[in-house]
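Only one structure is covered here, and it is reproduced in the block below.
Derivation of every value follows stated rules applied to the coordinates shown; laboratory data play no part. All values reported here derive from a predicted model rather than from experimental measurement. Please note: Cβ atoms are built from the backbone with ideal geometry, for glycine as well, and neighbour counts cover all protein chains shown.
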Amino acid sequence: MEYFKAEVMEMCHRENLYQIDLLNGNRNRITEREYWAKRKGQAALDKENASLVAAGKQTKQTKFETDKEKLRSVIRTALSSAVSFEDFSRKLLQQGVTVKESRGRLSYLTPDRTKPITARKLGDDFDRAAVLETLTINAQNAARAAEKPVPTQEHTYSIKDRLQRNKAAINAPKQDNVQCMVDREAKRAEGKGAGYDRWAAVHNLKQLAATMSIYEESGFSSPEELEAALAAASAGLHETTGKLKAVENTLREKKDLQKQLLAYPFIKV
């Protein structure tokens with residue numbers, strides 16, 4: 001059977017036909033429909049880019065990706081950092097993808113579809129066994145990293161070194177958890193689903209609360225008050241800079257006069 005599989009693959013390669021790896025399984029299972037959709041999409045994209053180049057415009061995308069290719073990329077990104085199936089599902093839901101399990105098989109539902117795509121149509125890397133194996137490895141790696149002992153410092157530090165470390169810690173900028181707000185309208189226009197929209201709503205509320213907390217800690221009650229304080233500080237800085245330049249010019253003139261006075265006795269008449 002292995003011999004016949006190899007012969008079929010050689011025949012397809014010789015006749016320049018589309019083929020799959022019959023010997024080692026399919027990490028990415030590409031059907032004939034997806035293969036021709038990719039070829040037609042790439043040809044249309046190349047034609048569009050050629051017209052843009054002829055018009056002197058810059059192209060934005062050079063490689064066409066099918067919906068299944070985009071889904072595979074999203075799943076692999078979520079799977080690379082997830083440590084449990086719940087964590088994996090949450091990361092996918094943030095991207096608008098819902099993972100479902102039925103009879104020991106996984107399927108993935110994207111926002112633009114009503115029927116989920118089964119793991120069998122995506123490839124061997126996306127079925128239940130492969131996903132659980134990857135999650136187990138990620139969890140073990142995370143546990144080993146957490147149990148890694150902190151190396152003890154055998155050498156002693158002087159009082160000067162300790163004071164410098166304490167000063168650096170005090171002067172270090174304060175880190176906060178404030179992140180950018182999510183444009184929900186733009187994300188919905190991109191095709192994000194209801195799950196992602198709910199997550200974005202909660203995320204925006206958290207960031208708004210964190211931002212108001214920072215304003216209160218800094219002594220400001222609103223962004224307008226902060227902008228007014230920044231404008232006043234900027235005006236004061238410009239005024240001080242102008243005065244400093246005038247003082248520098250005066251000092252420069254004084255130095256030139258001093259050089260001339262020092263060189264005067266050595267001038268021959």
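Points to keep in mind about this one:
- Calculated from backbone phi, Karplus (6.51, -1.76, 1.60) coupling profile of segment 106-111 in Hz, x at Gly/Pro: 9, 9, 10, 10, 8, x
- Phi to ³J(HN,Hα) by Karplus 6.51 cos²θ - 1.76 cosθ + 1.60 over segment 189-203, Hz, x for Gly, Pro: 5, 6, x, 5, x, 5, x, 5, 5, 5, 5, 5, 5, 5, 4
- For segment 1-126, the alpha carbon convex hull comes to 155 Å³ per residue, rounded to a whole number.
- Put simply, the amide H of Val97, placed in the peptide plane, has no neighbours under 5 Å, leaving out anything fewer than 5 places away on its chain.
- Listed cross-link partners Lys38/Lys121; Lys115/Lys192; Lys63/Lys121; Lys40/Lys100; Lys5/Lys68 are compared with a 20 Å cut-off, the Cα-Cα value being larger for Lys63/Lys121; Lys40/Lys100; Lys5/Lys68.
- The loop-placed trypsin sites (Lys or Arg not before Pro) in segment 80-124, going by DSSP, that have at most 13 neighbouring Cβ atoms within 10 Å of their Cβ come out as Arg103, Arg113.
- 5 angstrom amide H check on Ile117, placed H, neighbours 5+ away: Tyr108, Leu109, Thr110
- When the alpha-carbon atoms of segment 67-145 are used, the pair Rg, Dmax equals 12.1, 41 angstrom.
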